[in-house]
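**Student:** The structure's right below; bear with me while I get my questions together.
The values are calculated or read from the model by the stated rules, or taken from the named source; none is laboratory data. As the structure is a prediction and not an experimental result, all values here were calculated from the model. Glycine also receives a Cβ, built like all others from the backbone with ideal geometry; neighbour counts cover every protein chain displayed. Ligands, DNA and RNA are stripped out before the accessible areas are found, and what is left, the full protein with its side chains, is counted by its heavy atoms. Shrake-Rupley method; radii C 1.70, N 1.55, O 1.52, S 1.80 Å.
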Amino acid sequence: MRLSMPIRSGLTACATLALLAGGALAQASFVDHRGKTITFDSPPERVVTIVRSAPILYRAVDGTADHVAGMNRDSLTRYFTSGLLAELLPEMADIPASAAQDGFVPNVEAILEQQPDAVIQWIYDPEIIEPLERVGLTVVGWDCCTEQHRLDYVTLTGYMTGRNDRAQQILGLQAEALDGLRDKLADVDAGAWPSVLHVDQLGDQIRVIANGSQDLSLSGVTNPAADDSNEWWRTIDLEQLLVWDPDMIVIPAYATELTPQDFLDDPVLGSLKAVAAGKVYKQPVFARTPDAPEIYLTSAWLAALAHGADFAPAFREAVTGAYGVIYGVDMSDAQVDAALETEANAGAAGYDALFGPAGE
(Lines give C-alpha, C1' and ligand atoms only; values in the text may rest on other atoms or scores of the structure.)
Protein backbone atom coordinates (compact mmCIF):
# COMPACT_ATOMS: atom_id res chain seq x y z
CA MET A 1 0.00 0.00 0.00
CA ARG A 2 1.35 3.47 -0.90
CA LEU A 3 -0.04 6.83 -0.06
CA SER A 4 1.05 10.39 -0.66
CA MET A 5 1.36 12.51 2.49
CA PRO A 6 0.98 16.32 2.37
CA ILE A 7 3.89 18.32 3.75
CA ARG A 8 2.16 20.83 6.01
CA SER A 9 5.23 22.93 6.55
CA GLY A 10 5.77 23.83 2.91
CA LEU A 11 8.52 21.66 1.42
CA THR A 12 8.35 21.88 -2.35
CA ALA A 13 7.84 18.17 -3.00
CA CYS A 14 5.64 15.61 -1.33
CA ALA A 15 6.94 12.52 0.41
CA THR A 16 5.84 9.04 -0.44
CA LEU A 17 5.50 6.56 2.40
CA ALA A 18 5.08 2.84 1.98
CA LEU A 19 3.22 1.18 4.82
CA LEU A 20 3.03 -2.36 6.02
CA ALA A 21 -0.40 -3.89 6.49
CA GLY A 22 -0.35 -3.09 10.19
CA GLY A 23 0.44 0.58 9.60
CA ALA A 24 4.17 0.53 10.45
CA LEU A 25 6.45 2.47 8.14
CA ALA A 26 8.33 0.22 5.70
CA GLN A 27 9.75 2.82 3.30
CA ALA A 28 9.96 6.59 3.07
CA SER A 29 11.02 8.72 0.12
CA PHE A 30 11.17 12.49 0.46
CA VAL A 31 13.04 15.56 -0.80
CA ASP A 32 15.50 17.41 1.46
CA HIS A 33 16.38 21.11 1.27
CA ARG A 34 18.86 20.50 -1.54
CA GLY A 35 16.07 19.13 -3.67
CA LYS A 36 17.63 15.68 -3.36
CA THR A 37 15.40 12.66 -3.01
CA ILE A 38 16.22 10.58 0.07
CA THR A 39 14.86 7.05 0.42
CA PHE A 40 14.89 4.80 3.48
CA ASP A 41 13.60 1.24 3.31
CA SER A 42 12.82 1.58 7.02
CA PRO A 43 13.44 4.30 9.61
CA PRO A 44 17.19 4.64 10.23
CA GLU A 45 18.30 2.94 13.42
CA ARG A 46 21.39 5.12 13.84
CA VAL A 47 21.43 8.82 12.96
CA VAL A 48 24.32 11.25 13.44
CA THR A 49 23.45 14.94 13.64
CA ILE A 50 25.82 17.80 12.84
CA VAL A 51 23.21 20.57 12.88
CA ARG A 52 23.19 21.91 16.46
CA SER A 53 19.44 21.69 16.99
CA ALA A 54 18.92 18.41 15.16
CA PRO A 55 19.30 16.11 18.20
CA ILE A 56 16.64 18.15 20.01
CA LEU A 57 14.26 17.81 17.07
CA TYR A 58 15.03 14.14 16.57
CA ARG A 59 14.40 13.37 20.23
CA ALA A 60 11.15 15.33 20.09
CA VAL A 61 9.69 13.74 16.97
CA ASP A 62 11.02 10.22 17.51
CA GLY A 63 10.00 10.28 21.17
CA THR A 64 13.26 8.63 22.19
CA ALA A 65 17.01 9.22 22.07
CA ASP A 66 17.68 5.60 21.10
CA HIS A 67 18.26 6.36 17.43
CA VAL A 68 20.58 9.36 17.85
CA ALA A 69 23.99 7.72 17.50
CA GLY A 70 26.08 10.89 17.55
CA MET A 71 26.03 14.69 17.52
CA ASN A 72 28.48 17.54 17.26
CA ARG A 73 30.33 18.95 20.24
CA ASP A 74 28.41 22.24 20.13
CA SER A 75 25.08 20.45 20.56
CA LEU A 76 26.28 18.68 23.67
CA THR A 77 27.87 21.69 25.36
CA ARG A 78 25.10 24.16 24.50
CA TYR A 79 22.07 22.09 25.40
CA PHE A 80 22.80 18.86 27.25
CA THR A 81 25.57 19.45 29.80
CA SER A 82 23.65 21.96 31.94
CA GLY A 83 20.37 23.83 31.95
CA LEU A 84 16.75 22.89 31.47
CA LEU A 85 17.04 20.45 28.56
CA ALA A 86 19.91 18.68 30.30
CA GLU A 87 17.64 18.23 33.32
CA LEU A 88 14.58 17.16 31.33
CA LEU A 89 16.42 14.93 28.84
CA PRO A 90 19.41 13.52 30.75
CA GLU A 91 19.81 10.65 28.28
CA MET A 92 21.07 13.07 25.64
CA ALA A 93 24.30 13.68 27.55
CA ASP A 94 25.34 10.07 27.00
CA ILE A 95 25.36 10.35 23.21
CA PRO A 96 28.83 10.53 21.58
CA ALA A 97 29.62 14.11 20.53
CA SER A 98 32.53 13.75 18.13
CA ALA A 99 30.71 14.23 14.81
CA ALA A 100 32.14 17.75 14.52
CA GLN A 101 34.53 19.40 16.94
CA ASP A 102 34.66 22.84 15.35
CA GLY A 103 31.39 24.21 14.05
CA PHE A 104 29.91 21.99 11.36
CA VAL A 105 32.99 20.57 9.65
CA PRO A 106 32.40 16.81 9.88
CA ASN A 107 34.82 14.46 11.58
CA VAL A 108 34.28 11.72 9.01
CA GLU A 109 36.34 9.09 10.79
CA ALA A 110 34.47 9.60 14.07
CA ILE A 111 31.13 9.54 12.25
CA LEU A 112 31.98 6.28 10.49
CA GLU A 113 32.78 4.71 13.87
CA GLN A 114 29.13 5.25 14.82
CA GLN A 115 28.01 3.28 11.73
CA PRO A 116 25.14 5.66 10.96
CA ASP A 117 22.30 4.97 8.57
CA ALA A 118 21.93 8.73 8.00
CA VAL A 119 23.60 12.05 8.79
CA ILE A 120 21.81 15.40 9.17
CA GLN A 121 23.95 18.29 7.91
CA TRP A 122 23.60 21.92 6.82
CA ILE A 123 23.60 22.59 3.07
CA TYR A 124 25.16 26.09 3.03
CA ASP A 125 28.55 24.73 1.93
CA PRO A 126 28.93 21.65 -0.31
CA GLU A 127 32.36 21.06 1.24
CA ILE A 128 30.78 19.98 4.53
CA ILE A 129 28.54 17.46 2.76
CA GLU A 130 30.80 16.05 0.05
CA PRO A 131 33.23 14.21 2.39
CA LEU A 132 30.27 12.40 3.95
CA GLU A 133 28.74 11.31 0.68
CA ARG A 134 32.13 10.37 -0.73
CA VAL A 135 32.41 7.58 1.85
CA GLY A 136 28.90 6.36 1.10
CA LEU A 137 26.90 8.01 3.89
CA THR A 138 23.30 9.11 3.34
CA VAL A 139 23.02 12.83 4.09
CA VAL A 140 19.75 14.67 4.75
CA GLY A 141 20.37 18.36 4.04
CA TRP A 142 18.80 21.19 6.05
CA ASP A 143 18.75 24.84 5.00
CA CYS A 144 18.67 27.92 7.25
CA CYS A 145 17.35 30.30 8.57
CA THR A 146 13.70 31.15 8.05
CA GLU A 147 10.49 30.36 9.86
CA GLN A 148 9.57 28.03 7.00
CA HIS A 149 12.84 26.13 7.32
CA ARG A 150 12.13 25.66 11.01
CA LEU A 151 8.78 24.05 10.23
CA ASP A 152 10.41 21.91 7.57
CA TYR A 153 12.88 20.48 10.10
CA VAL A 154 9.97 18.95 11.99
CA THR A 155 8.44 17.56 8.81
CA LEU A 156 11.72 16.10 7.52
CA THR A 157 12.36 14.50 10.90
CA GLY A 158 8.88 12.99 10.80
CA TYR A 159 9.68 11.29 7.51
CA MET A 160 13.07 10.07 8.75
CA THR A 161 11.76 8.62 11.99
CA GLY A 162 8.58 7.18 10.52
CA ARG A 163 6.69 9.34 13.02
CA ASN A 164 4.88 11.69 10.67
CA ASP A 165 2.02 11.51 13.17
CA ARG A 166 4.23 13.01 15.85
CA ALA A 167 5.61 15.64 13.46
CA GLN A 168 2.10 16.74 12.50
CA GLN A 169 1.03 16.81 16.16
CA ILE A 170 3.91 19.18 16.98
CA LEU A 171 3.27 21.34 13.93
CA GLY A 172 -0.43 21.44 14.82
CA LEU A 173 0.38 22.58 18.35
CA GLN A 174 2.46 25.43 16.94
CA ALA A 175 -0.11 26.39 14.31
CA GLU A 176 -2.98 26.51 16.79
CA ALA A 177 -1.05 28.80 19.15
CA LEU A 178 0.14 31.15 16.41
CA ASP A 179 -3.27 31.30 14.73
CA GLY A 180 -4.68 32.37 18.07
CA LEU A 181 -2.17 35.21 18.26
CA ARG A 182 -3.04 36.37 14.74
CA ASP A 183 -6.72 36.48 15.65
CA LYS A 184 -6.04 38.60 18.71
CA LEU A 185 -3.69 40.96 16.88
CA ALA A 186 -6.35 41.63 14.26
CA ASP A 187 -7.98 43.93 16.82
CA VAL A 188 -4.76 45.83 17.60
CA ASP A 189 -3.75 48.88 15.56
CA ALA A 190 -0.43 47.99 13.90
CA GLY A 191 0.53 51.66 14.09
CA ALA A 192 0.53 51.36 17.88
CA TRP A 193 2.79 48.31 18.10
CA PRO A 194 5.68 48.90 20.52
CA SER A 195 9.27 48.77 19.29
CA VAL A 196 11.45 45.98 20.65
CA LEU A 197 15.21 45.69 20.37
CA HIS A 198 16.97 42.39 20.98
CA VAL A 199 20.39 43.16 22.50
CA ASP A 200 22.93 40.41 23.13
CA GLN A 201 26.08 42.45 23.85
CA LEU A 202 26.75 45.65 25.81
CA GLY A 203 29.93 47.72 25.87
CA ASP A 204 31.65 50.28 23.69
CA GLN A 205 29.98 48.48 20.83
CA ILE A 206 26.45 47.17 21.26
CA ARG A 207 25.25 44.18 19.27
CA VAL A 208 21.60 43.78 18.31
CA ILE A 209 19.60 41.27 16.29
CA ALA A 210 18.69 43.07 13.09
CA ASN A 211 17.18 40.35 10.92
CA GLY A 212 16.54 37.24 12.99
CA SER A 213 14.33 34.35 11.96
CA GLN A 214 11.58 35.02 14.52
CA ASP A 215 8.49 36.61 12.98
CA LEU A 216 7.98 39.54 15.35
CA SER A 217 4.67 40.45 13.71
CA LEU A 218 3.19 37.41 15.46
CA SER A 219 3.82 39.27 18.73
CA GLY A 220 2.61 42.65 17.50
CA VAL A 221 5.96 44.43 17.84
CA THR A 222 8.42 46.17 15.53
CA ASN A 223 12.21 45.98 15.34
CA PRO A 224 13.95 49.33 14.75
CA ALA A 225 17.18 47.53 13.80
CA ALA A 226 15.66 45.61 10.88
CA ASP A 227 17.03 46.48 7.44
CA ASP A 228 17.44 44.98 3.98
CA SER A 229 20.90 43.49 4.58
CA ASN A 230 19.64 40.02 5.63
CA GLU A 231 22.46 40.04 8.20
CA TRP A 232 21.40 38.57 11.53
CA TRP A 233 23.36 40.97 13.75
CA ARG A 234 24.25 44.66 13.66
CA THR A 235 26.87 46.33 15.81
CA ILE A 236 25.93 49.85 16.86
CA ASP A 237 27.15 52.58 19.19
CA LEU A 238 25.35 54.18 22.12
CA GLU A 239 24.25 57.13 20.00
CA GLN A 240 22.31 54.86 17.65
CA LEU A 241 20.71 53.07 20.59
CA LEU A 242 19.55 56.41 21.99
CA VAL A 243 18.15 57.41 18.60
CA TRP A 244 16.12 54.22 18.32
CA ASP A 245 15.04 54.49 21.99
CA PRO A 246 12.99 51.26 21.98
CA ASP A 247 9.87 50.74 24.07
CA MET A 248 11.19 47.34 25.20
CA ILE A 249 14.54 45.55 25.26
CA VAL A 250 14.83 41.78 25.12
CA ILE A 251 18.01 39.89 25.97
CA PRO A 252 18.24 36.71 23.85
CA ALA A 253 18.25 33.45 25.79
CA TYR A 254 21.71 32.50 24.50
CA ALA A 255 23.26 35.69 25.94
CA THR A 256 23.83 33.98 29.27
CA GLU A 257 26.19 36.62 30.66
CA LEU A 258 23.73 39.50 30.22
CA THR A 259 20.79 40.24 32.54
CA PRO A 260 18.08 42.91 32.76
CA GLN A 261 19.85 44.29 35.82
CA ASP A 262 22.87 45.15 33.66
CA PHE A 263 20.64 47.65 31.86
CA LEU A 264 18.72 48.84 34.91
CA ASP A 265 21.92 49.57 36.85
CA ASP A 266 23.58 51.53 34.03
CA PRO A 267 23.16 55.29 34.58
CA VAL A 268 23.85 56.08 30.93
CA LEU A 269 21.17 53.70 29.70
CA GLY A 270 18.69 55.00 32.24
CA SER A 271 17.40 57.61 29.79
CA LEU A 272 16.11 54.94 27.42
CA LYS A 273 12.33 54.51 27.53
CA ALA A 274 12.63 50.76 28.00
CA VAL A 275 15.06 51.06 30.89
CA ALA A 276 13.20 53.91 32.60
CA ALA A 277 10.00 51.84 32.47
CA GLY A 278 11.73 48.66 33.64
CA LYS A 279 10.81 46.93 30.38
CA VAL A 280 14.02 44.98 29.92
CA TYR A 281 13.43 41.24 29.79
CA LYS A 282 15.50 38.08 29.59
CA GLN A 283 14.11 35.76 26.92
CA PRO A 284 12.92 32.37 28.18
CA VAL A 285 15.08 29.29 27.89
CA PHE A 286 12.79 27.82 25.25
CA ALA A 287 14.25 30.41 22.85
CA ARG A 288 17.82 29.21 23.46
CA THR A 289 17.85 27.68 19.99
CA PRO A 290 15.63 29.29 17.35
CA ASP A 291 15.01 25.86 15.82
CA ALA A 292 13.66 24.02 18.89
CA PRO A 293 10.07 22.76 18.50
CA GLU A 294 8.94 24.84 21.47
CA ILE A 295 10.29 28.13 20.05
CA TYR A 296 6.75 29.18 19.10
CA LEU A 297 6.05 29.84 22.80
CA THR A 298 8.33 32.88 22.51
CA SER A 299 5.81 34.68 20.30
CA ALA A 300 3.03 34.51 22.91
CA TRP A 301 5.49 35.43 25.67
CA LEU A 302 6.52 38.59 23.84
CA ALA A 303 2.95 39.42 22.82
CA ALA A 304 1.86 39.31 26.48
CA LEU A 305 4.67 41.68 27.47
CA ALA A 306 3.72 44.02 24.64
CA HIS A 307 -0.08 43.87 24.84
CA GLY A 308 -1.15 42.25 28.09
CA ALA A 309 -2.04 38.94 29.71
CA ASP A 310 -4.88 38.18 27.28
CA PHE A 311 -2.26 37.31 24.67
CA ALA A 312 -0.82 34.50 26.79
CA PRO A 313 -3.57 33.29 29.14
CA ALA A 314 -2.56 30.52 31.55
CA PHE A 315 0.90 30.68 30.01
CA ARG A 316 2.62 28.51 32.60
CA GLU A 317 0.11 25.76 31.80
CA ALA A 318 0.78 26.32 28.09
CA VAL A 319 4.50 25.78 28.72
CA THR A 320 4.00 22.53 30.66
CA GLY A 321 1.51 21.33 28.04
CA ALA A 322 3.94 22.05 25.21
CA TYR A 323 6.84 20.26 26.86
CA GLY A 324 4.55 17.36 27.67
CA VAL A 325 3.49 16.95 24.04
CA ILE A 326 6.89 17.63 22.50
CA TYR A 327 9.16 15.74 24.89
CA GLY A 328 6.83 13.61 26.98
CA VAL A 329 8.03 15.16 30.24
CA ASP A 330 6.24 16.52 33.31
CA MET A 331 7.69 19.84 34.43
CA SER A 332 7.76 20.98 38.03
CA ASP A 333 6.95 24.57 39.03
CA ALA A 334 10.65 25.14 39.56
CA GLN A 335 11.40 23.93 36.04
CA VAL A 336 8.75 26.24 34.59
CA ASP A 337 10.37 29.09 36.55
CA ALA A 338 13.71 28.13 35.02
CA ALA A 339 12.21 28.03 31.54
CA LEU A 340 10.68 31.47 32.01
CA GLU A 341 13.81 32.99 33.62
CA THR A 342 11.67 34.28 36.49
CA GLU A 343 14.70 34.93 38.70
CA ALA A 344 16.53 37.03 36.10
CA ASN A 345 13.30 38.90 35.31
CA ALA A 346 12.27 39.48 38.93
CA GLY A 347 12.81 43.24 38.67
CA ALA A 348 11.32 43.66 35.22
CA ALA A 349 8.03 45.54 34.82
CA GLY A 350 4.97 43.30 35.14
CA TYR A 351 6.87 40.04 34.78
CA ASP A 352 5.79 38.31 37.98
CA ALA A 353 2.15 39.21 37.37
CA LEU A 354 2.27 37.72 33.88
CA PHE A 355 4.44 34.67 34.38
CA GLY A 356 4.95 34.01 38.08
CA PRO A 357 3.28 31.12 39.93
CA ALA A 358 -0.38 31.64 40.79
CA GLY A 359 -0.84 33.55 44.02
CA GLU A 360 2.50 35.34 43.87
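**Student:** If you place +1 on the Cβ of every Lys and Arg and -1 on the Cβ of every Asp and Glu, how big does the dipole about the Cα centre of the chain come out, in debye to the nearest 20?
**Tutor:** Numbers: 22 positive and 51 negative charges, 185 e Å.
Charge dipole of the chain: 880 debye, to the nearest 20.
**Student:** Which of the peptides 348-356, 178-186, 156-164 is most tightly packed, and how do the rest follow, going by the mean number of other Cβ atoms within 10 Å of each residue? Display every interim value, and only then the final one.
**Tutor:** Values: 348-356: 18.2, 178-186: 14.3, 156-164: 25.0.
The most tightly packed comes first, giving 156-164, 348-356, 178-186.
**Student:** Given all pairs of different Cα atoms, what value in angstroms does the Kirkwood hydrodynamic radius of the chain take? Please report the intermediate quantities before stating the final value.
**Tutor:** Numbers: mean 1/r = 0.0464 Å⁻¹.
Every distinct Cα pair counted, the radius reaches 21.5 Å.
**Student:** Report the FRET efficiency, 1/(1 + (r/R0)^6), for residue 146 and residue 265, where r is their Cβ-Cβ distance and R0 is 35 Å, rounded to 0.05. Provide the component values of the computation, followed by the final result.
**Tutor:** Values: r = 37 Å, r/R0 = 1.05.
Efficiency for this residue pair is about 0.45.
**Student:** For region 211-360, what is the charge dipole size about the Cα centre, in debye to the nearest 20, if Lys and Arg each add +1 at the Cβ and Asp and Glu each add -1 at the Cβ? Please report the intermediate quantities before stating the final value.
**Tutor:** Values: 6 positive and 23 negative charges, 41 e Å.
Result for region 211-360 is approximately 200 debye, rounded to the nearest 20.
**Student:** Looking at region 122-248, what % of its DSSP beta bridges pair antiparallel, to the nearest 5? List each step's numbers first, then the result.
**Tutor:** Working: 6 of 9 bridges.
For region 122-248, the DSSP antiparallel bridge percentage is about 65.
**Student:** Given the C-alpha centroids of region 90-115 and region 297-311, what is the distance between them in whole angstrom?
**Tutor:** Taking the Cα centre of region 297-311 as reference, the centre of region 90-115 is 38 Å away.
**Student:** Please state the relative contact order of the chain as a whole percent: Cα pairs under 8 Å, 6+ residues apart?
**Tutor:** Values: 658 pairs, mean separation 45.7, N = 360.
Result for the chain is 13 percent.
**Student:** Return one whole number: the accessible area per residue of the chain in Å², for a 1.4 Å probe. Spell out each step's value before the answer.
**Tutor:** Working: 15460 Å² over 360 residues.
Ligands and nucleic acids excluded, the result is 43 Å² per residue.
**Student:** Spin-label point model (7 Å from Cα, Cβ direction): what's the residue 352 to residue 81 distance in nm?
**Tutor:** The answer from the label model is 3.5 nm.
**Student:** Share of the chain's accessible area from carbon and sulfur, percent, 1.4 Å?
**Tutor:** Values: 7500 of 15460 Å².
Summing carbon and sulfur atoms, their accessible area is 49 percent of the total for the chain.
**Student:** Just grab the label-to-label distance for residue 318 and residue 257, each label 7 Å out from Cα along the Cβ direction, in nm (one decimal).
**Tutor:** Computed distance between label sites residue 318 and residue 257 equals 3.3 nm.
**Student:** Report the paramagnetic label zone for residue 169: residues of region 83-104 whose backbone N is under 11 Å from a point 7 Å from Cα along the Cα-to-Cβ axis.
**Tutor:** none
**Student:** Could you tell me the ratio Rg/Rh of region 217-360? Both radii from Cα atoms, Rh via Kirkwood.
**Tutor:** On the way: Rg = 15.6 Å, Rh = 16.1 Å.
Ratio of gyration radius to Kirkwood radius for region 217-360: 0.97.
**Student:** Let me ask something additional. Explain nothing, just compute: Karplus ³J(HN,Hα) = 6.51 cos²θ - 1.76 cosθ + 1.60, θ = phi - 60°, for every residue of region 139-148 in order, whole Hz, x for Gly and Pro.
**Tutor:** Karplus values, whole Hz, x for Gly and Pro: 10, 9, x, 10, 9, 8, 8, 10, 4, 5.
**Student:** Also, I was wondering about something else. Per DSSP H run of at least 4 residues, take -39500 (n - 2.57); add these up for the chain, divide by its residues and hand me the 222 nm value, nearest 500 deg cm²/dmol. Can you show the working numbers first?
**Tutor:** Numbers: 13 runs with 115 residues, N = 360.
It comes out at -9000 deg cm²/dmol, rounded to the nearest 500.
**Student:** Take residue 115 and residue 190, extend 7 Å from each Cα along the Cα→Cβ direction, and tell me the distance between the two endpoints in nm.
**Tutor:** 5.6
**Student:** Something else about it: Taking every DSSP beta bridge with both residues inside the chain, roughly what % is antiparallel (nearest 5)? If you can, show how the numbers build up before the last one.
**Tutor:** On the way: 18 of 34 bridges.
Within the chain, antiparallel bridges account for around 55 percent of the total.
**Student:** Another question, then. In whole angstrom, how far apart do the alpha carbon centroids of region 126-195 and region 229-288 sit?
**Tutor:** Going from one Cα centre to the other spans 27 Å.
**Student:** Which order do the peptides 327-335, 114-122 take when ranked by the mean count of other beta-carbon atoms within 10 Å per residue, highest first?
**Tutor:** The packing order, highest mean first, is 114-122, 327-335.
**Student:** Heavy-atom accessible area of residue 46 with all protein chains present, probe 1.4 Å, nearest 10 Å²?
**Tutor:** 90
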